[in-house]
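The values are calculated or read from the model by the stated rules, or taken from the named source; none is laboratory data. What you see is a predicted model; the values in this text were computed from it and never measured. Every residue, glycine among them, receives a Cβ derived from its backbone with ideal geometry; neighbour counts consider all protein chains shown.
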Amino acid sequence: MTLNADWRAERCMHDKLAPIRNVSDKFARNSHESFFSNAHLCVDEQLLPFRGRCPFKVYIKSKPHRYGMKIWTVCDTATTYAWNFQVYCGKIEPWPERDQCRRVVLSLIQRLGTGYGVTTENFFTSLAFARDLLSQRKTLTGTIRWMRKKVPLCLRQNQTDALHSSKFLFTKDAMLVSYVLKKGRNVTLLSTQHMDDGVGDEDQDWKPHVILEYNVCKRGVDAMDKMVRVAETQIDGFHNRL
């Protein structure tokens, strides 16, 4: 083997994206250097459909195209612009990674200044991480799994709670709200940006204001993903659907 081949093989042992790492990093760098983001961003996962050979192909049952490449993306909520991204390359070490969600979000938003609001889904959301962001003068709003240790028992699933009712809990730097979306099904949300117990009107099913704003902000990655799927390119007479 040549020196370059040896070096490439060694890189691939530690980085499954090594063959295109330089291109991927440059694309991501150009993305956030070319756009001044709005005050609110959304972090979520995106699955690019793919069934070919790939060392980091994943299977996600909940996605429409269950096989593909998972990409963690941070999008501007106002424009759905993909401000930064990170390709999930699978496990490098044989043991599970601790605090993966924290590492992913911090690496995605490390170039952000202060004063930004970050919207996340329940994989990334925890009180400890929200306070980490507060120490950097950034706020977090996101759904949180009700079985997490820091979620009080009174906010967990309860069959006796009235439909569209809400419960609020506050600390000096954060709030938790549990909203009964359907009978026997609660949605729990954590925020360090909002500190009020206001709710919408009857047309909005009495949803708390923080959930109404979350629903607007969380669409960033989903909307961008939809545009990627339906956009068409035409080059020299060839049509490709992305």
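Name the residue that is modelled with the highest pLDDT, counting only residues in region 138-152 that are basic (Lys, Arg) and within 11 Å of LEU190 (Cβ to Cβ).
Here is the first cut: in region 138-152, the ones basic (Lys, Arg) are 138, 145, 148-150.
Checking which are within 11 Å of LEU190 (Cβ to Cβ) leaves us with 145, 148, 150.
Numbers: ARG145: 87, ARG148: 76, LYS150: 75.
It comes out as ARG145.
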(message) Take SER135 and tell me if it is farther than 21 Å from HIS209 by Cβ and at pLDDT 90 or above.
(response) yes
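Within region 13-28, track down each residue that is hydrophobic (A, V, I, L, M, F, W, C) and surrounded by 12 or more Cβ atoms within 10 Å (Cβ to Cβ). If you could, list the steps in order and put the result at the bottom.
Initially, region 13-28 is screened for residues hydrophobic (A, V, I, L, M, F, W, C), giving 13, 17-18, 20, 23, 27-28.
Correct list: LEU17, ALA18, PHE27, ALA28.
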(message) Anything in region 35-51 that is out of contact with any Phe, Trp or Tyr (no Cβ under 7 Å at 6 or more places or on another chain), of a type outside the set (S, T, N, Q) and part of a loop (DSSP other than H, G, I, E, B)? List them, or say none.
(response) PHE36
(message) Of everything in region 153-191, what is modelled with pLDDT of 80 or more and exposed (fewer than 12 other Cβ atoms within 10 Å of the Cβ)? Give them in sequence order.
(response) LEU153, CYS154, ALA162, THR171, LYS172, LYS182, LYS183
(request) Determine which single condition THR73 fails, assuming it passes every other condition in (1) more than 30 Å from PHE36 (Cβ to Cβ); (2) touching a helix residue (DSSP H, G or I) at 6+ places or on another chain (Cβ under 7 Å). (result) (1)
(message) Being farther than 19 Å from CYS101 by Cα and not in a loop (DSSP other than H, G, I, E, B) is the filter here; which residues of region 52-75 pass it?
(response) TYR67, GLY68
(request) For CYS89, work out the one condition from (1) in a loop (DSSP other than H, G, I, E, B); (2) touching a strand residue (DSSP E or B) at 6+ places or on another chain (Cβ under 8 Å); (3) not aliphatic (A, V, I, L, M) it doesn't fulfil. (result) (2)
(request) Would you tally the residues in region 102-143 being buried (at least 18 other Cβ atoms within 10 Å of the Cβ) and part of a helix (DSSP H, G or I)? (result) 7
